[in-house]
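**Q** Below is one structure. I have some questions about it.
Only the coordinates and a few stated rules stand behind these numbers; no lab work does. Remember, predicted model here, so these are calculated numbers, not experimental data. Here Cβ is always computed from backbone atoms with ideal geometry, including for glycine, and neighbour counts include all displayed protein chains.
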Amino acid sequence: MIDITTDLKIRNEFNRWAEAGRGEEMEDHHLPIALPVLDLMRAEPQDTILDLGCGSGWLCRRLARRARQGRVVGIDLSAEMVRRARAASAGYPNLSFLEGAADKIPCRDAAFNKLISIESAYYWPDPGLSVREIFRVLAPHGSAWILINYYRDNPHSHQWGSVAKVWMHLLSAAEWAELFRQAGFADVRHRLIPDPTPAPEVYTGEWFRDAEEIRKFRELGALLVCGIKTAS
């Protein structure tokens, strides 16, 4: 069962992020690791794609340009993120946004042939249930692509758990892959996507101890887990 208090805390925190403009900042922060995933995912003009945890919709707009004859849907737990995504995406007729949670995706079975989630999965209150929901909304032969920076195999991000104001799951690459297999995915793979962004000379923020830790964190890279929903 999902902890309603945890769900509400996450929702409220991301509403605050949206109001502070942090949703728009995510494109700059995440684009260097998201672009290689888009190349691997190979979005086609007629694809139907779900972006789970879409934030302000920056990735959805890129996907909508690739899936010109298809359809892109962005879903986020934060109502304010969804509001801002809609406002920024008015010129995209093949793009829509919904408010919803990863453990109860507000879409019908087999609605999409591709699903992507960037820097969202470790916030899911129940990762196993959420991966099963992803499996449900994918059509046979559909693919899921999950990219995260907070995972057990990258020690340079572990301190995020003590800084964040909401609970985050610190799972290993093997544990994420096993959740995919348990949900029914086949051809489950994982790999690292290094971030080529140069580290600053001096770092004074709260997420890393110093600039050297950021360098090591980016050099190791984000974790990409992907799988295919078989026809059966």
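**Q** Kindly write out, for the stretch 43-54 in residue order, the coupling ³J(HN,Hα) from the Karplus curve 6.51 cos²θ - 1.76 cosθ + 1.60 (θ = phi - 60°), rounded to whole Hz, with x marking Gly and Pro.
**A** So the Karplus estimates, Gly and Pro as x, are 5, 9, x, 9, 5, 10, 10, 10, 9, 9, x, 6 Hz.
**Q** State, as an integer percentage, the relative contact order of the stretch 4-229 based on alpha-carbon contacts under 8 Å between residues 6 or more apart.
**A** Dividing the mean separation by the residue count of the stretch 4-229 yields 18 percent.
**Q** Moving to a separate point now. Select one label from [x] 47, 38, 37; [y] 44, 42, 38; [z] 52, 42, 28: the one whose number is Cα extents along the principal axes in Å as derived from the coordinates shown.
**A** [x]
**Q** On full extension of the chain, what length is gained from A186 through L98, given 0.36 nm per residue of separation minus the C-alpha to C-alpha distance?
**A** Taking A186 through L98 to full extension adds about 28.9 nm, to one decimal.
**Q** Next question, about the same structure. Between the stretch 121-144 and the stretch 51-102, how far is it from one alpha carbon centroid to the other, in angstrom?
**A** When both Cα centres are located, 18 Å separates them.
**Q** Compute the longest continuous run of the chain that contains no exposed GluC sites (Glu not before Pro); treat a site as exposed when its DSSP state is not H, G, I, E or B and it has at most 16 other Cβ atoms within 10 Å.
**A** That would be 1-200.
**Q** Can you tell me which of 153-166, 49-62 comes out highest on packing, and rank the rest after it, using the mean Cβ neighbours within 10 Å?
**A** Descending mean neighbour count gives 49-62, 153-166.
**Q** Using 0.36 nm per residue of separation minus the Cα-Cα distance, give me the extension gain between V163 and T204 in nm, one decimal.
**A** 13.3 nm
**Q** Classify the stretch 37-93 as rounded, prolate or oblate, taking a ≥ b ≥ c as the square roots of the eigenvalues of its Cα gyration tensor: rounded when a/c is under 1.5, otherwise prolate if a/b is larger than b/c and oblate if not.
**A** prolate
**Q** For the stretch 180-193, just list the computed ³J(HN,Hα) in residue order, Karplus coefficients 6.51, -1.76 and 1.60, θ = phi - 60°, integers in Hz, with x standing in for Gly and Pro.
**A** Along the stretch 180-193, the couplings run 4, 5, 5, 6, x, 6, 10, 6, 6, 9, 9, 8, 9, 10 Hz.
**Q** Still on this model: Long-range amide H contacts for G74: which residues qualify at under 5 Å (H placed 1.01 Å from N, peptide plane, sequence gap of 5 or more or a different chain)?
**A** Here D51, S96, F97, L98 satisfy the definition.
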